[in-house]
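Novice: For reference, the structure I am asking about is given below.
The values are calculated or read from the model by the stated rules, or taken from the named source; none is laboratory data. Worth saying up front: this structure is predicted, and the values here are computed from it rather than measured. Cβ sites come from the backbone with ideal geometry, for glycine too, and all protein chains shown count toward neighbours.
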Ligand SMILES: *Cc1c(COP(=O)(O)O)cnc(C)c1O
């Protein structure tokens, strides 16, 4: 076993399997899956597992990640998930085959760049369906299409909406039907094919499995569902998928019996909060060499019993291991499964080693 710490063990085969399961069940409803790679910074080894699992295209919110993916040479379209910034029009056209858009001025800048680079840039028009992040108001979609359709080297390939991101609004069948309806109106009015009707992210998976995603939705963009095997309405595991795709390992650097409540006058902690402590008497405390700079500690679960997370500073994670049956020693590793927020921070931290397991 690898002994670099802290590290994330990445089980590529489990990620491949999760992608395959979700792609298959979506295909039964004529829906393609776009694989969303942002939580793992678009690392090509993991993208390759998802591509093998059958995703239709590769999406990320960051151009740095899409660049890395383009340079790895996958034969799939790349999609930029965050609305492009006008100042990044050049990189957007260069590294993203498709982007999500809601602003006429931005598409104008993309059009200009696409002409310069002699490319056709594809766009999906985002519609505001209540979550109140990006999107054109539904009643403004026709006039938006009317303006964008004339722009050189721009091809409108779809419309879509985002859910469960800012407002926590759920992609209920009525909301998804409204998008399908709008797509129909746009097809009729402008003679566009509009192959991509995008119904959101992993929060739509529960409806997908229940067969409640309306006919006419052709795409879902899935991050967490593939990466951690969970739908995101109730955060329940998806049947037949793995949740232990990414495992955190961190090393014990101190192990001592001490009090559970600090001794002295208590003022602010390292983050400006006044800490509160539960009195557990004298306990066996372990310090792990990882901290809030690397991981979201509220979002990790120890993989063994008898290990309780007490708290953390920037570089130290404190555990109560009093109830552990293991004969723990300094130098031992403790392993954790991860929630989305923890995974995001770990994969982004340059201090955490990424260990690919084939
Ligand atoms: C991040 C993101 C997704 C993926 O979300 P998951 O809940 O991880 O599936 C999909 N669409 C957009 C626009 C995103 O920004």
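Novice: Against the definition (crowded, with 20+ Cβ neighbours inside 10 Å and either closer than 24 Å to residue 206 by Cα or under 15 Å from the mean Cα position of the chain (by Cα) (or both)), how does residue 55 come out, yes or no? Please lay out each step first, then the result.
Specialist: Numbers: crowded, with 20+ Cβ neighbours inside 10 Å: yes; either closer than 24 Å to residue 206 by Cα or under 15 Å from the mean Cα position of the chain (by Cα) (or both): yes.
Yes: the conditions hold for residue 55.
Novice: Tell me the residue from 220, 182, 194 that is surrounded by 14 or more Cβ atoms within 10 Å (Cβ to Cβ), modelled with pLDDT of 95 or more and part of a loop (DSSP other than H, G, I, E, B), please.
Specialist: Unique residue meeting the criteria: 194.
Novice: Inside region 134-147, can you point out the residues that are surrounded by 19 or more Cβ atoms within 10 Å (Cβ to Cβ) and either at negative phi or not in a loop (DSSP other than H, G, I, E, B) (or both)?
Specialist: Listed by number, the residues that qualify are 134, 136, 141, 144, 145.
Novice: Here's another thing I want to ask about it. Give the residues of region 200-227 that are without any contact (Cβ under 8 Å) to a residue 60 or more places away in the chain and more than 8 Å from the ligand (Cβ to nearest atom), sorted by residue number. If you could, list the steps in order and put the result at the bottom.
Specialist: Initial filter on region 200-227 (without any contact (Cβ under 8 Å) to a residue 60 or more places away in the chain): 200, 202-204, 206-207, 210, 212, 214, 216.
Within region 200-227, 204, 206, 207, 210, 212, 214, 216 meet the criteria.
Conditions (1) surrounded by 12 or more Cβ atoms within 10 Å (Cβ to Cβ); (2) out of contact with any helix residue (DSSP H, G or I) (no Cβ under 7 Å at 6 or more places or on another chain), marked per residue:
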{"residue": "254", "(1), (2)": "yes, yes"}
{"residue": "274", "(1), (2)": "no, yes"}
{"residue": "307", "(1), (2)": "yes, yes"}
{"residue": "315", "(1), (2)": "yes, yes"}
{"residue": "319", "(1), (2)": "yes, yes"}
{"residue": "333", "(1), (2)": "yes, yes"}
{"residue": "343", "(1), (2)": "yes, no"}
{"residue": "348", "(1), (2)": "yes, yes"}
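Novice: Here's a follow-up. Residue by residue through region 185-197, note down the ones that are within 16 Å of the ligand (Cβ to nearest atom) and in contact with a helix residue (DSSP H, G or I) (Cβ under 8 Å, 6 or more places away or on another chain).
Specialist: Selection gives 197 alone.
Novice: Out of all the residues in region 249-294, which are at pLDDT 95 or above, part of a loop (DSSP other than H, G, I, E, B) and in contact with a strand residue (DSSP E or B) (Cβ under 7 Å, 6 or more places away or on another chain)?
Specialist: 289, 290, 291, 292, listed by residue number.
Novice: What number goes with the only condition from (1) in a loop (DSSP other than H, G, I, E, B); (2) away from the ligand (no atom under 16 Å from the Cβ); (3) in contact with a strand residue (DSSP E or B) (Cβ under 8 Å, 6 or more places away or on another chain); (4) in contact (Cβ under 8 Å) with a residue 40 or more places away in the chain that residue 83 does not pass?
Specialist: Every condition holds for residue 83 apart from (2).
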